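Here is the structure we will look at, set down as structure tokens.
None of the figures in this text is laboratory data; all of them are computed from the coordinates on show. Because the structure is predicted, anything quoted here is derived from the model rather than measured. Quick reminder, even Gly has a Cβ in these numbers, built from the backbone with ideal geometry, and neighbours come from all protein chains shown.
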Amino acid sequence: EDKVVQSPLSLVVHEGDTVTLNCSYEVTNFRSLLWYKQEKKAPTFLFMLTSSGIEKKSGRLSSILDKKELFSILNITATQTGDSAVYLCAVEGSIKGSNYKLTFGKGTLLTVNP
Amino acid sequence: DTGVSQNPRHKITKRGQNVTFRCDPISEHNRLYWYRQTLGQGPEFLTYFQNEAQLEKSRLLSDRFSAERPKGSFSTLEIQRTEQGDSAMYLCASRPGLAVNTGELFFGEGSRLTVL
């Protein structure tokens, strides 16, 4: 069974701090790793990572994947209160040939205080 | 509206009743997923369709749960003889075929089930 473990499960920081969220995984026939942000509604897509060592960046958010050590990190610099959310990591594995299933971790609850 | 649409958004039912949720994916997306999410947990995979074919179903899923996607467009998720433990948010998501796979899974707003 595919497994995704995120840490920490929750984190409280002050505006302006930098945070690093961790995601480790075990998956059959790895295809990609995705990061999502979830506020009080459906998850919204942040990044998809398929190759080791290539950083994806969007504004203050960045992410990188290590396929050898089976983990990814999501960095948020100069945090703002609007970054407060649950950050979900998901891995996509291949099952039965071309079928692809996404398995999510429990998420990291980030709270950014003013 | 070109997003993933789910209804009803909220459903309150008594234990033992049957409920059905509907998901209308983005029209050109041939892959459709159902997930269940409870408070403090990430989305838990339930089942996956490629066009009308149900290609994977979670082994954790009780026989009381069934899903269909009869014409490869909208999908329904039915829960029979509901139990209080079924109370959760049921999320539907879709994505295009492999040829145009950007990785992004587009989620609907979810259907929240409360079983009394």
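Assorted remarks:
- Cross-link pairs beyond the 28 Å C-alpha cut-off, checked among A:106/B:71; A:37/B:71; A:56/A:101; A:67/B:71; A:41/A:68: A:106/B:71; A:37/B:71; A:67/B:71; A:41/A:68
- In loop segments of the stretch A:1-82 as defined by DSSP, the trypsin sites (Lys or Arg not before Pro) with at most 13 further C-beta atoms inside 10 Å of their C-beta are A:40, A:41, A:60, A:68.
- Highest-fluctuation residue, B:66, B:58, B:94 considered, GNM on chain B with Cα pairs under 10 Å: B:58
- Exposure proxy order (Cβ contacts within 10 Å, fewest to most) of A:11, B:39: B:39, A:11
- Between the residues B:38, B:23, A:25, the greatest Cα displacement towards the positive end of the dipole of the protein assembly as shown, with unit charges on the Cβ of Lys, Arg, Asp and Glu, is found for B:23.
- Placing R0 at 25 angstrom, the Cβ-Cβ distance between residue A:67 and residue A:17 gives a FRET efficiency of 0.30 after rounding to 0.05.
- Taking all Cα pairs closer than 8 Å and separated by 6 or more residues, the relative contact order of chain A comes to 37 percent.
- Remark on chain B: hydrodynamic radius 14.2 angstrom, per the Kirkwood mean of 1/r across alpha carbon pairs.
- Relative contact order (percent, whole number), chain B, Cα cutoff 8 Å, 6+ residue spacing: 37 percent
- Distant-in-sequence amide contacts of residue B:5, defined by a placed amide H-H separation under 5 Å and a gap of 5 or more residues or a different chain, comprise B:24.
- Relative intensity, log₁₀ I(q)/I(0), of the protein assembly as shown from a Debye sum that treats every alpha carbon as a point, q = 0.11, 0.17 Å⁻¹: -0.56, -1.25
- In the stretch A:19-114, the alpha-carbon atoms span a convex hull of 96 Å³ per residue.
- Contact order normalised by residue count of the stretch A:62-114, Cα under 8 Å, 6+ apart, percent: 33 percent
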